[in-house]
Every structure is written in structure tokens, then in C-alpha cells.
Amino acid sequence: MNERGRFAPSPTGELHLGNARTALLSWLWARKGGGGYAIRIEDIDTPRVRPGMAEQQLAELAWLGLDWDGPPVFQSQRTGLYEDALQKLGDHVYECFCSRAEIAAASAPHGDEGPRYPGTCANLTRAQRAERRRTRSPSLRLRVPPGPLAFHDEIAADQSFDTRQLVGDFVLRRGDGIFAYQLAVVVDDGAMGITSASGSRPARLDGAADPAAPAARTARASLGARPAGDRRKRRAAFKARQIALALCAAQTRCGPATSCRAPRPPLGARRAGCLRGARASRRFFFTEIAAARPGAD
């Protein structure tokens, strides 16, 4: 099987350290065996897209030294594929008229994935749906089958998630007509022939959107944290030179990362706030990069 990886940033904000690490790991994973690599711009949530951000992200990835095969793929140009996928799901999809506030009020205490949908609209009659359409545009939800979804993660080993228990029936298309990430990513990975996907979220949770779809191999990298374990959410400036050091070490173009004489980013990139992130320890970053670099066991 020919390996094919991808990196899929959303042009809603500047790249940060976590994005850079995920891009490097996914690129190394695909290129290590001479495989292909694609860039997909996940601009499906058009109201949140910042003008010019996709071009800035592509320039920053190129500055890092990453390359990809063919032009970037833009989700906003693929809505026909998502609509076709919805039609194929047929009766597994139903209309939902609940607001977020209503779902939160009707749900038990929720975890990382937000409130669990209690199935309020799952069994509405045709007449009830017609009545509710008069006052609210419905979203479309997937009827999630019961039971766990099991898969193997290349870093975290065997994993299992019961999507129905975690989040319940989830949205595939919002009430404003925008397709959800959970549908778009499964459709795109299948259509693009993606065989490996790296990230920091519970992989394959989104795969419940189409359990029959070929599953890419996944590698869930650990979440970047300060030494005390706090999640890196602050957007304090992070020196882009550190990323260049990691890239050089990963590609074995020089010795240990600390001795590499990588060039500083161009002044324009520094001014633009290239690759923002937190001033976290570099130890976790270099450890995972070293493990993924060409020639590592």
C-alpha cells in the first residue's frame, strides 16, 4: 500500500507550535517510506475564515521546509461531495431542531466533547417536523449505532470509543447549511486516499459518520503541556527558530537539535507573528520528532 499523509489546517487563526509539530510528524510519517503528502485547507466554516490566512499558513509551512504533492485542496470547493454523502446515508440522518442551550439543559454533565445529545428529535413524526420547520431551520444528525468503535492507534495502541455514549447522535450539517467537520473529514480522507493521519484529538471518533469507510491509520500525539502539566492555551510568542531546529534534527540534516545552526526566519515572517505558541518545554517536542525521523526504529 502506498502511504499518503496529510495536514489540514483551518484558516481561522495563525499557526502555533502544536500545529507545527503535527505538520512535521505527519509529513515525516508519510515521507519516511517515500509516500505522498497532501495539504487540505479546512475552510468549510466560512464565517470564521480570516481573509489571507490560508495563504499565510501555506507560506509558513513552506518556510518550515515541508512540501506536498499537487495543489492544496480546499473544503469550501467540495460541498457537492458532502451533499452526496448525506444522500447515501439516507434514513441514518434525521432533522434536529434543538438549540445548543436546549441540549445543554437536557443533558447530564458533559466531558471534553461537549454535552451529549439526548435524542430529543430522533423520533419526531412527519407532522411534528413540518410544524417545527416553520420557526427554525433544522440541522441534520447521524443516528449513531450503539456499541464501541475500536481501532489501533500507532502511538496510543488499541483504542475504543462509544460515540453514542460520549456525544450521542452528532451533527453532520448545521442549521445554517454549513457541513460539519465530522462529515467532511471522513469524506475527504476517503476521496483523497489518505492512509495515515496524525493529530491530538481522539482519532476515529469522527469515523462514526461512516463506519464502512476505509479507516486511515492514526497516530494521536500527546498534547503539548508545560512541565506542570497545564495545557498550552496561551498564545504567547514562541521563537520560530526552535521549530527550525526541530525540523533539522528530524530530517537528520545536522547533529543534535541544540547544535544546529538553522537560519532565523525572515523579518517579514517574524513581523507577521509566524508560528505562535507557548513558551513550553521543548523536551516533549524533540522526543517525538526524534522518534519519527527517518531511520528511527
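Where a number appears in this text, it was derived from the coordinates with a stated rule and is not lab data. Since the model is a prediction, treat every value here as computed from it, not as a measurement. Glycine also receives a Cβ, built like all others from the backbone with ideal geometry; neighbour counts cover every protein chain displayed.
Relative to the Cα centre, the charge distribution of the range 52-152, modelled as +1 at Lys and Arg Cβ and -1 at Asp and Glu Cβ, gives a dipole magnitude of about 880 debye. For the peptides 78-90, 123-135, 3-15, the ranking by packing is 3-15, 78-90, 123-135, with the highest mean count of neighbouring Cβ atoms within 10 Å listed first. Working note: Karplus 6.51/-1.76/1.60 with θ = phi - 60° gives the range 157-172 the couplings 6, 5, 10, 8, 10, 9, 4, 5, 6, 6, 10, x, 5, 10, 6, 10 Hz, where Gly and Pro are set to x. Modelled spin-label separation between ASP69 and ARG50, with each label point placed 7 Å from Cα along the Cα-to-Cβ direction: 3.2 nm.
Near ARG173, the amide H atoms lying under 5 Å from its own belong to LEU140, ALA180; only residues 5 or more places off or on other chains count, and H is placed 1.01 Å from N. Computed on the range 80-186, with alpha-carbon pairs under 8 angstrom and 6+ residues apart, the relative contact order is 27 percent. Lys/Arg Cβ at +1, Asp/Glu Cβ at -1, dipole of the range 80-186 taken about the Cα centre: which of ALA127, HIS92, GLY147 is farthest positive-ward? Highest projection toward the positive end goes to ALA127. If a spin label sat at a point 7 angstrom from the Cα of GLN165 along the line to its beta carbon, the backbone N atoms of the range 75-110 nearer than 20 Å would be those of 107-110.
Shape class of the range 32-189 from the Cα gyration tensor (axes a ≥ b ≥ c, square roots of the eigenvalues): prolate, since a/c reaches 1.5 or more and a/b is larger than b/c.
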